[in-house]
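Chemist: The structure under discussion is supplied below as structure tokens; questions concerning it will follow.
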Amino acid sequence: MAADQQLALFQTASAFPLPPGVKFSYGTAGFRADASILASTVFRVGILASLRSLKTQSVIGLMITASHNQVSDNGVKISDPSGGMMTQEWEPFADALANASDPDDLFKLINQFVINNNIPFGRGQYAEVLLGRDTRPSGKALLEAAKQGVNAVIGAIAVDMGILTTPQLHWMVRCRNKGLKASESDYFAQLSDAFGCLMDLRSQTIETNRTDSKVIVDGANGVGGKKLEELKQGVKGLEIEVRNSGKGEGILNAGVGADFVQKEKLFPGGFGESDSGTRCASLDGDADRLVYFCVLKGNSKKVDLVDGDKILSLFAIFIKEQMSLLEEKKEKIKLGIVQTAYANGASTDFLKQMDLEVVLTPTGVKYLHEKAAEYDIGIYFEANGHGTILFSENFLHWLETRNAEVSHTSAGFEAQKAALRLLAVSKLINQAVGDALSGLLLVEVILLYLGWSIERWNELYQDLPSRQIKVSVADRMAITTTNAETLVVTPPCLQEAINSEVAKHSRGRSFVRPSGTENVVRVYAEASTQQAADCLAQSVAEHVK
Ligand code: 16G
Ligand code: ZN
């Protein structure tokens, strides 16, 4: 390593000492912790991002957010050149960097890693990292730490993209690497244009049973609400009311947001019984999750939840219908549905009854995304509301070329419209990661296309009662699993114990897994009644303790 590079690293690293007594882990969604102890981690992730940019010779993203966590937390994660999550191969290095005890240790680690991976480090080669942050007050100082980390690598530049949703930053990275327009106004324009296109391509004859013309959206007092206010300016034909937009006094994620609504099944702050009968939606703190809900009357803040599984089902219905309208090739198009073990059993049954190929992956966007990318059209969602629809380059190319031919038959005309709709969906729905803003617009336009109210949508199937519990244990990693986390491997005998509890309940299903974001083991149970689901979860939890 060149002497000037060595010096640059030592000097800046000394300004960001590792806090004593903590161990950081990249986890399912990057590093997350109380913001007060994160400066050294964010600085080091800045270095990591520059190295990743050098290695891939592409633009990399660095996002400062802790999503749905409380406002005093923060976090940092990397977007790879495709706009997806950082490759898992680099996660052990990320962990080692974050935990290096001092600049000397840090330097040795980097040196070894660049040699092993043949990274043109310290040779003045160009690297570029786009930085984004959510609205957390700690974000500004952490962004500065990230900038210094990026700049500690000679030849690397950090570009501050300002306050963004997580999916916006991922989208920008993807566009930059494809040589496409990548500014925030390009993002807004692409979404509203594609929405407009889908609105124009609706069939005019559809009977509608809708009485609810507007949607009210809970912005979690965070960045999503703020950005939705901007996005909606360009959206024609839909009334969007934003609450908890982050402009008022409300605290980020405190009794608001998609995570709160999904887990508690209660309406968020800023909503009331007078909203019953109106379609409502909720974003999480960095706007990569979306759930819908209906406020129930006289029922102590309870809601009817329309979760990620139902959003997935709605998208699957629409995509399948468009595919069936395509005259040619339709048998050859591979459509895949990707869920995790948390998907409600009723949703999986429903999708299978539609003759769709459904696969499960472990929890975490990186797994779902990777699997969905294997299809021509891959739709993935977690029950918590994170998901998107991926289109393969080949399939998009085919759609574009087939559209160049003008058709004269009525079936041909319908097929052409279906192809145009699919192309518009590929532009509306974020191809990099799940994006609550683009997901919201797609849900809305599909409901309009089908003429469905939220109640009609919610009636697609009835969720099986379920229960989730957290169990604190000495070492959560003692539990290992296989088959997309549905079966326990170690400790021995635990799976047998779960099986015998499950057998006691009609439609019983239960699994356990160590959390990737908290120091707990999570227990999930499902059964034909709420009481049975509660009982099953409790008894399985006893075996975990
Ligand atoms: C993270 C994941 C999310 C997953 C959740 C599980 C990303 C971007 N986010 O939020 O997909 O559902 O972790 O948390 O991958 P857990 O491991 O604590 O249950
Ligand atoms: Zn999030």
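The values are calculated or read from the model by the stated rules, or taken from the named source; none is laboratory data. This structure is a prediction, so every number in the text was calculated from the model and none was measured. No Cβ is skipped: glycine too gets one built from the backbone with ideal geometry, and neighbour counts run over all protein chains shown.
Chemist: Which residue, of ASP309, ASP304, is under 20 Å from the mean Cα position of the chain (by Cα) and either within 15 Å of ligand 1 (Cβ to nearest atom) or not aliphatic (A, V, I, L, M) (or both)?
Modeler: ASP309
Chemist: Which one of these is away from ligand 2 (no atom under 16 Å from the Cβ), within 14 Å of PHE381 (Cα to Cα), at pLDDT 95 or above and of a type in the set (D, E, K, R): LYS310, LYS320, LYS352?
Modeler: The match here is LYS310.
Chemist: Continuing with the same structure: Working only within the stretch 435-456, note down all residues that are buried (at least 23 other Cβ atoms within 10 Å of the Cβ) and not in a helix (DSSP H, G or I).
Modeler: If the condition is that a residue be buried (at least 23 other Cβ atoms within 10 Å of the Cβ) and not in a helix (DSSP H, G or I), then ASP435 is the only one that fits.
Chemist: Pull up the stretch 186-222, narrow it to residues that are modelled with pLDDT under 95 and β-branched (Val, Ile, Thr), then point me to the one that is surrounded by the fewest Cβ atoms within 10 Å (Cβ to Cβ).
Modeler: THR205
Chemist: Looking only at the stretch 393-434, which residues are surrounded by 18 or more Cβ atoms within 10 Å (Cβ to Cβ) and assigned to a loop (DSSP other than H, G, I, E, B)?
Modeler: Scanning the stretch 393-434 gives ILE429, ASN430, GLN431, ALA432, VAL433, GLY434.
Chemist: Determine which single condition VAL45 fails, assuming it passes every other condition in (1) surrounded by 22 or more Cβ atoms within 10 Å (Cβ to Cβ); (2) within 16 Å of ligand 2 (Cβ to nearest atom); (3) not charged (D, E, K, R).
Modeler: Here VAL45 clears every test but (2).
Chemist: Restricting the search to the stretch 386-400, which residues are away from ligand 2 (no atom under 16 Å from the Cβ) and within 30 Å of ALA258 (Cα to Cα)?
Modeler: Scanning the stretch 386-400 gives ILE389, LEU390, PHE391, SER392.
Chemist: Please verify whether the stretch 292-300 includes one or more residues that are more than 16 Å from ligand 2 (Cβ to nearest atom), of a type in the set (S, T, N, Q), under 30 Å from LEU325 (Cα atoms) and not in a helix (DSSP H, G or I).
Modeler: no
Chemist: Just to be sure, is GLU526 modelled with pLDDT of 95 or more and not β-branched (Val, Ile, Thr)?
Modeler: yes
Chemist: Also: May I ask you to say which residue of THR517, THR480 is within 26 Å of the chain's Cα centre (by Cα), within 26 Å of PRO167 (Cα to Cα) and hydroxyl-bearing (Ser, Thr, Tyr)?
Modeler: THR517
Chemist: Based on this model, can you work out whether GLU501 counts as modelled with pLDDT of 95 or more, loosely packed, with under 14 Cβ neighbours inside 10 Å, out of contact with any Asp or Glu (no Cβ under 8 Å at 6 or more places or on another chain) and assigned to a helix (DSSP H, G or I)?
Modeler: Considered against the rule, which asks whether it is modelled with pLDDT of 95 or more, loosely packed, with under 14 Cβ neighbours inside 10 Å, out of contact with any Asp or Glu (no Cβ under 8 Å at 6 or more places or on another chain) and assigned to a helix (DSSP H, G or I), GLU501 comes out as no.
Chemist: Moving on to the next point. May I ask you to verify whether LEU106 is under 24 Å from VAL365 (Cβ atoms), among the aliphatic types (A, V, I, L, M) and crowded, with 17+ Cβ neighbours inside 10 Å?
Modeler: No: the conditions fail for LEU106.
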